[in-house]
Amino acid sequence: MSLKLSVYSELVKAFYSNLEIQESTLISEVYRIKLVIDQSFFYVLTQLTSEGVPFEGTLDDDWKFDFSMHDARWLVCTNQADMIVRLLAGSLALESRILHYLIVRILLPRSSNLAQVSEEDLIVMWAFHTGQKIDWAHLVWYRMHKALRLNAPLPYPHLVTLFLQHFNIPLDSEPYVPIKRSFLIGAAVVASFGYRKERDGSWVKKGAQPNDDEGKLPVEGDSSLL
């Protein structure tokens, strides 16, 4: 999430089009330059560690005794949310709503159904809220592997730029999308969730009573929400 690299869309497509994964090694080719990234080198480039549960989208055995779908929903939703029907982002408390926004766009990016909270999303939010450790290196590697399927979304474009730079792929003449301040989660994004900013700097649900603190989120010192 801290990568601040431009995105080269055509080169991202080339990277994934030529990507093979052989014995825990990423192998691709861009501009006839071969990119070979084994697991240990992957840790070095990404600065991700292998600590935590090797999560792959479904409930891991290490979490089965602690996790329940009902409790996880109760943990991330507002008090008014229906605990039985399909879970949508609009039912999430504000902190969880922002976390879900990050999950579906950055951590576990997908190209459709962004307003729906999948079981995978719910497990990740539960892990964050309860302090469970996730092996992010393993998860990123796994998601890149899934991108080899037909018509799959191509995840982690900023990470691909990191790989391209390391292997000296020529980028000067390539069209790119630069990082902008607007990529931050700003006030407009939070307002689109159905919240308004109070004079004291906190965010409350639109239509909430003055004494209703549900979903209230202070933003002191957080310039991305100003």
- Query: Give me the log10 of I(q) over I(0) for the range 81-192 at q = 0.14, 0.15, 0.17, 0.20 Å⁻¹, as the Debye formula computes it from C-alpha points; what are the numbers?
  - Reply: -0.74, -0.83, -1.03, -1.28
- Task: For the chain, state what percent of all Cα-Cα pairs lands in each successive 10 Å bin, counting from 0 Å until the bin that includes the largest distance.
- Result: 7, 28, 32, 23, 10, 2, 0
- Query: Each residue of the range 195-207 in turn: what ³J(HN,Hα) in whole Hz from Karplus with 6.51, -1.76, 1.60 and θ = phi - 60°, glycine and Pro shown as x?
  - Reply: 10, 10, 8, 7, 5, 7, x, 8, 10, 10, 5, 4, x
- For LYS133, the aspartates and glutamates lying under 14 Å Cα to Cα, once residues fewer than eight places off in the same chain are dropped, come out as GLU51, GLU56, ASP60, ASP61, ASP62, ASP66
- Take the solvent-accessible surface of the protein heavy atoms, probe 1.4 Å, and return the percent of it on the chain that carbon and sulfur atoms account for. 51
- Item | Residues listed by number, the range 158-172, amide nitrogen under 20 Å from LEU148 label point at 7 Å toward C-beta | 159-161, 163-164
- With every protein chain kept in place and a 1.4 Å probe, the residues HIS158, HIS100, HIS70 fall, from largest accessible area down, as HIS70, HIS158, HIS100
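Explain nothing, just the number: relative contact order of the range 34-109, from Cα pairs under 8 Å at least 6 residues apart, as a whole percent.
15
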- Item | Descending principal axes extents, the range 16-79, alpha-carbon based, whole Å | 55, 22, 20
- Binned at 10 Å from zero, the C-alpha pair distances of the range 62-128 give percents of 22, 57, 21, 0
- Message: If I ignore ligands, DNA and RNA and count only protein heavy atoms, how much of THR58 is accessible to a 1.4 Å probe, in Å² to the nearest 10?
- Response: 90
- Item | Percent RCO, i.e. relative contact order, over the range 1-52, from Cα pairs under 8 Å lying at least 6 residues apart | 20
- Message: For the chain, take the longest principal axis of its alpha carbons; what is the angle in degrees between that and the long axis of helix 119-130, to the nearest 10 within 0 to 90?
- Response: 70
- Query: Fully extended, how many nm does the chain gain between LEU3 and GLN116 (0.36 nm per residue separation, minus their Cα-Cα distance)?
  - Reply: 38.1 nm
- Mind pulling the angle between the C-alpha long axis of helix 157-166 and the longest principal axis of the chain? Nearest 10 degrees, somewhere in 0 to 90. 30
- Item | Relative contact order (%) - the chain, alpha-carbon pairs under 8 angstrom, separation at least six | 27
- Item | All-pairs alpha carbon distance profile, the range 7-118, 10 Å steps from 0, percent | 11, 28, 31, 21, 9, 1
- Message: What do you get for the angle between helix 136-146 and the principal long axis of the chain? Use alpha-carbon atoms, 0 to 90 degrees, nearest ten.
- Response: 70
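The values are calculated or read from the model by the stated rules, or taken from the named source; none is laboratory data. Everything numeric here is computed off the predicted structure, so don't read it as measured data. Reconstructed Cβ throughout: ideal geometry from the backbone, glycine too, with neighbour counts over all protein chains shown. All accessible areas refer to the heavy atoms of the entire protein, side chains included, with ligands and DNA or RNA removed. Shrake-Rupley method; radii C 1.70, N 1.55, O 1.52, S 1.80 Å.
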